[in-house]
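Notes follow once the structure below has been shown.
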């Protein structure tokens with residue numbers, strides 16, 4: 001459980017917006033400075049319309065919107081790396097921001113040197129950094145020889161590892177994250193996830209921008225939906241995220257369900273060494289005994305079976321599996337999870353298998369997506385997913401409406417006398 005938000009705002013936007021002036025020649029720029037004019041010329045680009053909101057201490061705010069909606073601009077205003085063109089943006093407390101890749105780093109300096117430089121921008125003294133230095137290096141998972149090399153030689157994943165390790169070590173009052181949780185391998189992603197949850201429990205306010213609505217729904221109590229630089233909606237995440245998902249469905253641009261990586265050869269289990277976390281080896285969907293990726297059946301009659309084969313890690317608690325049913329456009333209609341502790345390895349390589357069966361599918365006629373997800377024991381962190389794994393086409397000869405067929409029970413009642 002995260003700590004209860006206090007009534008004290010740590011971040012306040014009061015009509016804060018950002019407009020970029022049109023490109024001008026050096027002569028026109030000089031003329032503007034000589035005149036002392038601060039007026040924006042016509043033709044400028046407004047990245048964010050004036051926006052007002054507060055983030056309380058211990059509160060988490062998700063930022064959603066299509067590309068170009070103004071999300072990164074808002075986060076940069078919050079982090080103080082941009083100055084608003086209108087209104088004010090005030091932060092109270094220490095800010096740790098994970099924005100553009102490599103921001104805050106000197107590419108010519110080594111990883112060791114950048115730890116001190118990056119932490120200094122967040123308000124830590126050299127002595128404070130020294131106290132945290134070993135834990136920062138350990139959290140990043142980077143080898144000592146890598147840390148002794150210039151950051152310009154780092155891959156994008158290595159840069160994110162180092163930036164995340166430093167930013168989350170400074171005990172921030174506000175943590176600003178722009179998609180960084182989706183970068184890095186599975187082990188580091190899980191470590192980062194746990195660290196953010198720990199900071200949330202300690203009362204750190206969180207601003208999270210992500211196209212992964214699962215992360216927004218998990219971390220954030222409130223969500224701000226931006227559309228073309230304007231606030232389209234703001235409120236409880238439970239209200240905003242479904243509305244935004246429906247908007248994505250209407251555009252047929254759902255970004256929440258993509259294969260995380262290619263699956264191995266589906267003809268059999270691989271005999272690899274045990275993974276560091278959890279790995280999906282093979283999964284197959286069966287409808288009325290037929291295996292495939294485009295399956296046909298009947299509403300209220302067909303049986304859906306999903307077989308999941310995986311490898312588990314001895315260092316991780318028993319994972320959980322989930323089967324998700326979605327509309328053809330990607331809107332989640334329902335899900336079912338395996339019971340805690342139900343997945344156990346059956347050999348020295350950590351292989352495990354589990355089946356989910358849904359008899360007499362109470363789903364109306366139409367085309368649906370079947371997805372498979374592997375999650376941690378608490379069901380909060382997703383190790384791996386494939387969605388869609390298969391599609392099912394269901395037919396029906398009646399006139400039921402909606403996605404689900406409601407199993408109503410009807411009975412005849414004695415005729416009621418007319419009321420006076």
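Since every read-out is calculated from the coordinates, none of them should be taken as a lab result. Quick caveat, the model's predicted, so the values are computed rather than measured. Because the Cβ atoms are built from the backbone with ideal geometry, glycine has one as well, and the counts that use them run over all protein chains shown.
Of all DSSP-defined beta bridges confined to the chain, some 75% are antiparallel rather than parallel. Here the Debye sum runs over all C-alpha atoms of the range 279-395 as equal scatterers in vacuum, and log10 of I(q)/I(0) at q = 0.10, 0.15, 0.18, 0.23 Å⁻¹ comes out as -0.29, -0.63, -0.87, -1.27.
Looking at the range 77-234, the DSSP beta bridges with both ends there are about 35 percent antiparallel.
Neighbour counts of other Cβ atoms within 10 Å put 122, 149 in the fewest-to-most order 149, 122. Among 135, 169, 72, the largest mean-square fluctuation in a Gaussian network model of the chain (Cα springs under 10 Å) belongs to 135. Please find, in a Gaussian network model of the chain (springs between Cα atoms separated by less than 10 Å), the residue of 172, 150, 26 whose mean-square fluctuation is greatest. Maximum fluctuation in the GNM of the chain, among the listed residues, is at 26. Helix 26-35 axis versus longest C-alpha principal axis of the chain: approximately 70°, rounded to the nearest ten.
For the chain, the longest principal axis of the alpha carbon atoms and the long axis of helix 156-167 meet at an angle near 70°. If you average the alpha carbon positions of the range 135-174 and of the range 187-233, how far apart do those two centres end up, in angstrom? After rounding, the separation between the Cα centres reads 21 Å.
For the chain, the longest principal axis of the C-alpha atoms and the axis of helix 126-140 are separated by about 30°.
Mind checking which of 374, 27, 98 has the largest fluctuation in a GNM of the chain, springs on alpha carbons under 10 Å? Sorting by GNM fluctuation, first place goes to 27. Taking the alpha carbon gyration tensor of the range 148-226, multiplying each eigenvalue by 5 and rooting it gives semi-axes of 23, 15, 11 Å, largest first.
Annotation: the residues 318, 399, 60, 210, sorted from fewest to most other C-beta atoms within 10 Å of their own C-beta, follow the order 399, 318, 210, 60. Counting every other Cβ atom within 10 Å of each residue's Cβ, 158, 406 order from fewest to most as 406, 158. Across q = 0.06, 0.09, 0.12 Å⁻¹, the chain modelled as identical point scatterers on its alpha-carbon atoms has Debye log10 I(q)/I(0) values of -0.33, -0.70, -1.10, in the order of the q list.
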